[in-house]
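I have placed the structure first, in the form of structure tokens, so that the comments after it can refer back to it.
The values are calculated or read from the model by the stated rules, or taken from the named source; none is laboratory data. Model, not experiment: these values are computed from the prediction. Positions of Cβ are generated from backbone atoms using ideal geometry, with glycine treated the same way; all protein chains shown enter the neighbour counts. Just so you know, the surface numbers come from the protein's heavy atoms only, side chains and all, with ligands and any DNA or RNA stripped out. Shrake-Rupley method; radii C 1.70, N 1.55, O 1.52, S 1.80 Å.
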Amino acid sequence: MKRILFVFAAALFAQTAAAETIKIGFISSYSGLNGNLGPYMERGARLYLKQHEKELPPGTKVEFLVRDDTGVNPDKAKQLAQELIVRDKVNLLAGVIFTPNALAMAPLCTEAKVPFVIMNAGTSVITTKSPYIVRLSFTLWQSSYPLGEWAAKHFKKAYTMVSDFGPGIDSEQAFDKGFTAGGGQIVGSVRVPLQNPDFATYMQKVKDSKPDTLMVFVPAGKTATAVMKAFREIGLGSAGIKLIGPGDITTDEELQNMGDVALGVTTVHHYSAAATRPANKAFVAAWKKEYGANETPNFVAVGGYDGMAAIMYAIEKQNGKWDPDRAMALFKEFKDPNSPRGPISIDPETRDVVQNEYLREVRKVGGKLKNVEIETVGTAVKDPWKELQKK
Ligand code: PHB
């Protein structure tokens, strides 16, 4: 009798263990500055889940608890994370477009031992703020440092203009380091307010100082389009100044809104919707099938997609159970040779994504503006800021 009871209890336990629901506290920006970006991230994550749901351990379900942090709003992000952890008892946090929000959430992850999968926020220092953070997106150093090295071979004098917050400062410093090491000279630099800067005034100053090139970082979305408009209106292109930057400034979803001023803008980035590698063609086709023929994914979408791939890997390897420390160990060994962006892996030392960086130029293909990948300027690039810190 005892034995039968034991077997029964064990079977019951196995059943409840298998019928686990993994809850993801998903925080992104659906309103406020560039509030159009949140849905790209969420759609990317949900598309991966849909494509791979059948690979989940039997009985395991994944639930998204979606929250709007309302743009750059660290207090709000912290409050949402707190509620998701304490009240909703999520297994992990994911998402976040903006660096200040990610930084505000980091101490909570450490305290509560809740893994946090970053799908966008790109300031290098973020992953050092909690051992429970892993990043599947990018750092600005990954794009802006090779951009600086490339630019030194083509231009003598550069001006830099960045949004005055974490990723902007990283982009400026990374570009500066790559450019000056290659013999280039920075003739001016300006950090502009994140919200509603008067780009025309700054562009006039740039034009007056006659650099060969202007390197810009602003957050992707409408801010990037505002930069393009001011660049055209003040006539920097006709003055012979070449616009360059990390791929945020020619973000795929805004290209058609920018118009022909974007033609010829050269950027370095890890993802372009126009990339012709088979994994990306399949991804873009799946995106259009799911969300509409006129929809195009962007780098935020791919951050959500690959972030979800890492989460699914950690769920599958734990057979539906969820232990936060085991999850972190699994994130550290995650790799995908076939991401839409090319091969990716997680650097176990830094918990940052390792990926290729591509030189791209905006060109018209079939009547549409596209970020055409021209050359791979970095293979398996680890966050250069952390690499330089080691030296
Ligand atoms: C960030 O806040 O880290 C951030 C935001 C938008 C970008 C890149 C980085 O395009």
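Tabulated data
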{"item": "Check on Ile126, over 22 Å from the mean Cα position of the chain (by Cα) and not aromatic (Phe, Trp, Tyr)", "result": "no"}
{"item": "Neighbours by Cβ (under 8 Å, 6+ apart or cross-chain): first from the stretch 161-173, within 23 Å of Gln204 (Cβ to Cβ); second of a type in the set (Asp, Glu) and more than 9 Å from the ligand (Cβ to nearest atom)", "result": "Val162/Glu172"}
{"item": "Residue in the stretch 370-386 that is part of a loop (DSSP other than H, G, I, E, B), under 19 Å from the mean Cα position of the chain (by Cα) and surrounded by fewer than 22 Cβ atoms within 10 Å (Cβ to Cβ) present", "result": "yes"}
{"item": "Matching residues, the stretch 20-34, being in contact with a strand residue (DSSP E or B) (Cβ under 8 Å, 6 or more places away or on another chain) and either surrounded by fewer than 18 Cβ atoms within 10 Å (Cβ to Cβ) or within 24 Å of Gln79 (Cβ to Cβ) (or both)", "result": "Thr21, Ile22, Lys23, Ile24, Gly25, Phe26, Ile27, Ser28, Ser29, Tyr30, Ser31"}
{"item": "Neighbours by Cβ (under 7 Å, 6+ apart or cross-chain): first from the stretch 62-73, at pLDDT below 95; second among the acidic types (Asp, Glu) and away from the ligand (no atom under 14 Å from the Cβ)", "result": "none"}
{"item": "Filter result (of a type outside the set (D, E, K, R) and either open to solvent by less than 10 Å² (accessible area, probe 1.4 Å) or in a helix (DSSP H, G or I) (or both)) within the stretch 195-210", "result": "Phe199, Ala200, Thr201, Tyr202, Met203, Gln204, Val206"}
{"item": "Any hit, the stretch 132-142, residues being open to solvent by 10 Å² or more (accessible area, probe 1.4 Å) and more than 13 Å from the ligand (Cβ to nearest atom)", "result": "yes"}
{"item": "The stretch 30-53 residues that are in contact (Cβ under 8 Å) with a residue 24 or more places away in the chain, paired with ones that are of a type in the set (Asp, Glu) and part of a helix (DSSP H, G or I) (beta carbon under 6 Å, 6 or more apart)", "result": "Leu47/Glu290"}
{"item": "Residues being surrounded by fewer than 20 Cβ atoms within 10 Å (Cβ to Cβ) and assigned to a helix (DSSP H, G or I) - total across the stretch 47-73", "result": "7"}
{"item": "Flag for Ser189 being in contact with a strand residue (DSSP E or B) (Cβ under 9 Å, 6 or more places away or on another chain), within 23 Å of Tyr30 (Cβ to Cβ) and touching a residue at least 12 places away in the same chain (Cβ under 8 Å)", "result": "no"}
{"item": "Subset of the stretch 108-131 that is farther than 13 Å from Ile97 by Cα and among the aliphatic types (A, V, I, L, M) - its residue that is farthest from the ligand (Cβ to nearest atom)", "result": "Ala112"}
{"item": "Ala220 being without any contact (Cβ under 8 Å) to a residue 40 or more places away in the chain, within 23 Å of Asp198 (Cβ to Cβ), open to solvent by less than 10 Å² (accessible area, probe 1.4 Å) and within 16 Å of the ligand (Cβ to nearest atom)", "result": "no"}
{"item": "Yes/no for Gly184 being out of contact with any Ser or Thr (no Cβ under 6 Å at 6 or more places or on another chain) and either at pLDDT 95 or above or open to solvent by less than 10 Å² (accessible area, probe 1.4 Å) (or both)", "result": "yes"}
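Here's the yes/no breakdown for (1) assigned to a helix (DSSP H, G or I); (2) under 18 Å from the mean Cα position of the chain (by Cα):
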| site | (1), (2) |
| --- | --- |
| Val227 | yes, no |
| Gln256 | yes, no |
| Ala274 | no, yes |
| Lys288 | yes, no |
| Ala293 | no, no |
| Ile311 | yes, yes |
| Ala327 | yes, no |
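One line per residue, one yes/no per condition, for (1) under 27 Å from Lys157 (Cα atoms); (2) surrounded by 14 or more Cβ atoms within 10 Å (Cβ to Cβ); (3) of a type outside the set (A, V, I, L, M):
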{"residue": "Glu233", "(1), (2), (3)": "yes, no, yes"}
{"residue": "Thr266", "(1), (2), (3)": "yes, yes, yes"}
{"residue": "Ala286", "(1), (2), (3)": "no, yes, no"}
{"residue": "Ala293", "(1), (2), (3)": "no, no, no"}
{"residue": "Asn298", "(1), (2), (3)": "no, yes, yes"}
